[in-house]
Amino acid sequence: MQTISAPRRSVLPQTRRSLTHKFAINGHEGYLTVGLFEDGRPGEIFIKMSKEGSTLSGLIQGFCRAFSLCLQHGLEVSEACERFRGMRFEPMGGTSNPEIPECSSILDYVARYLQREYCGQR
């Protein structure tokens with residue numbers, strides 16, 4: 001009989017490096033903060049939108065927590081991003097980032113940004 005072990009969570013150090021990226025989607029400004037493991041891999045994300053309602057804010061926070069836990073339990077960044085790329089909901093449209101001129105949602109933008117920065121996908 002084969003024993004299946006539970007996935008192990010890699011915890012980020014108490015003091016960690018991070019990157020904060022300012023962006024706008026169809027006039028809605030936001031900030032993406034990526035907390036990094038010591039080897040430079042993303043281990044957590046936070047998103048703060050300047051014009052968000054409480055429902056959108058709660059859903060985005062839940063997404064960030066789930067996405068971060070997936071990364072900490074060993075899911076590759078590229079694999080995690082593939083799951084959220086192309087999701088469609090408002091705000092969508094033009095962005096402030098010339099490398100990602102259009103997006104179909106905040107999650108689509110974040111997935112595409114993370115792929116570009118951490119997976120070498122241009």
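No lab work stands behind these numbers, since they all come straight from the coordinates. In this text, all values refer to a predicted model and were calculated from it rather than measured experimentally. We place every Cβ from the backbone using ideal geometry, glycine too, and count neighbours over all the protein chains shown.
Determine, for Ser78, Ser5, the number of other Cβ atoms within 10 Å of each Cβ, and report the residues in order from fewest to most.
Ranking Ser78, Ser5 by Cβ neighbours within 10 Å, fewest first, gives Ser5, Ser78.
If neighbour count is taken as other Cβ atoms inside 10 Å, put Asp108, Asp39 in order from fewest to most.
Details: Asp108 22, Asp39 6.
Starting with the residue having the fewest Cβ neighbours, the order is Asp39, Asp108.
What is the helix-to-structure angle for 106-118, meaning the angle in degrees between its Cα long axis and the longest Cα principal axis of the chain, kept from 0 to 90 and rounded to the nearest 10?
60 degrees
Could you calculate the contour length gain from Arg65 to Gln14, that is, 0.36 nm times the residue separation minus the distance between their Cα atoms, to one decimal place in nm?
So the chain would gain 16.7 nm between Arg65 and Gln14.
Count the net charge of all other residues whose Cβ sits under 10 Å from the Cβ of His73, scoring Lys and Arg as +1 and Asp and Glu as -1.
Around His73, the charge tally is +2.
Put +1 on the Cβ of every Lys and Arg and -1 on every Asp and Glu Cβ in segment 32-120; which of Ser104, Gly74, Thr55 then has its Cα farthest towards the positive end of the dipole?
Thr55
Treat the count of other C-beta atoms within 10 Å as a stand-in for reagent exposure and order Val11, Val110, Val34 from fewest to most.
Listing Val11, Val110, Val34 from fewest to most nearby Cβ atoms yields Val11, Val34, Val110.
Label Ser5 and Phe46 with points 7 Å out from Cα along Cα→Cβ: what is the distance between them in nm?
Placing both labels 7 Å beyond Cα along the Cβ direction yields 3.2 nm.
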